[in-house]
1. List, in order, the whole-Hz ³J(HN,Hα) value for each residue of region 62-71 obtained from phi through the Karplus relation with A = 6.51, B = -1.76, C = 1.60 and θ = phi - 60°; use x for Gly and Pro.
2. For region 99-141, which GluC sites (Glu not before Pro) pass both filters: DSSP loop (anything but H, G, I, E, B) and at most 11 other C-beta atoms within 10 Å?
3. For the modelled label position 7 Å from the Cα of L37 along Cα-to-Cβ, which residues of region 91-120 have backbone nitrogen atoms closer than 18 Å?
4. Between their Cα atoms, which of K26/K174; K79/K190; K40/K91; K33/K91; K33/K126 are more than 31 Å away from each other?
5. Solvent-accessible area per residue for the chain at a 1.4 Å probe radius, Å²?
6. Within the chain, what is the longest stretch that has no trypsin sites (Lys or Arg not before Pro) placed in a DSSP loop and near at most 14 other beta-carbon atoms within 10 Å?
7. Below 8 Å between Cα atoms, with a sequence gap of 6+, how large is the relative contact order for region 39-138 in percent?
8. Could you check how much of the accessible area of the chain is carbon and sulfur, as a whole percent, using a 1.4 Å probe?
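The values are calculated or read from the model by the stated rules, or taken from the named source; none is laboratory data. This one's a predicted model, so the numbers in the text were calculated from it and none came from an experiment. With ideal geometry, Cβ positions are generated from the backbone for all residues, glycine too; neighbour counts draw on all protein chains shown. Only protein heavy atoms, including side chains, enter the accessible area calculation; ligands, DNA and RNA are left aside. Shrake-Rupley method; radii C 1.70, N 1.55, O 1.52, S 1.80 Å.
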Amino acid sequence: MSNEVVLLSAYVSMFGMRARIALDEKGIKYEYKEEDLSNKSSLLLQMNPIHKKIPVLIHNGKPICESLIIVEYIDEVWKDKSPLMPSDPYKRAQARFWADFIDKKVYESGRRIWTTKGEDQEAAKKEFIECLKLLPYFNGENFGFVDLALIPFYSWFPTFEKFGNFNIEKECPKFVAWANKCMHKDSVSKSLAEPNKVYEYVLKLKQQLGLP
């Protein structure tokens, strides 16, 4: 079977980081195409006409969209190395539950930290910390699906801390210890965006959105 693999993404996107980590975990060679989210390419619009969002994995000309679906697809197609999903059906269901929780709760509360002020921001910080304390890290001996879904947010932490004026390590030392453990993996350390690049991106985005 031919294995032409292309990833359309953006460097600072935590969702794109998931796909990069999964591809690196499996040792898959792929072509990376950086997308300008303010001027989306015709290829992106062609490959994801419904949502018009990154990341998109193109495998032998066929698009797979949405980061968690992409990670599961990679895990199923290249199943001979570094399994990400548990083999047990119940544990797989639990992994999907927590990954969905990350997208609905961690992402949304994190976004509100840099898009709001005052009471709304305080509520967002409280919810964000509560979410981190609930999450299971390294659920087992191996780096798995939930770890991969969550670790890209770590590159955004300095941005959250600067805008929210709080210290995540002080509130969640176990989380930061887990994140540092993850960063020892080459697939993670080389796939995560540099925090200063994320901060610069958010500053520019806030300006474009007219946010104070």
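1. 9, x, 10, 10, 6, 4, 5, 5, 4, 4
2. Details: sites: E108, E119, E122, E127, E130, E141; in loops: E141.
Of the GluC sites (Glu not before Pro), the ones in loops of region 99-141 whose Cβ has at most 11 other Cβ atoms within 10 Å are E141.
3. Only 102-116 fall inside the zone, counting backbone N under 18 Å.
4. On the way: K26/K174 27 Å; K79/K190 22 Å; K40/K91 37 Å; K33/K91 34 Å; K33/K126 36 Å.
In this structure, K40/K91; K33/K91; K33/K126 lie more than 31 Å apart at Cα.
5. Solvent-accessible surface per residue comes out at 54 Å².
6. Working: sites that count: K29, K52, K79, K81, K117, K190.
Answer - 118-189.
7. Details: 59 pairs, mean separation 12.6, N = 100.
Relative contact order here is 13 percent.
8. Numbers: 5810 of 11370 Å².
Taking all protein chains in place, the chain shows 51 percent carbon and sulfur surface.
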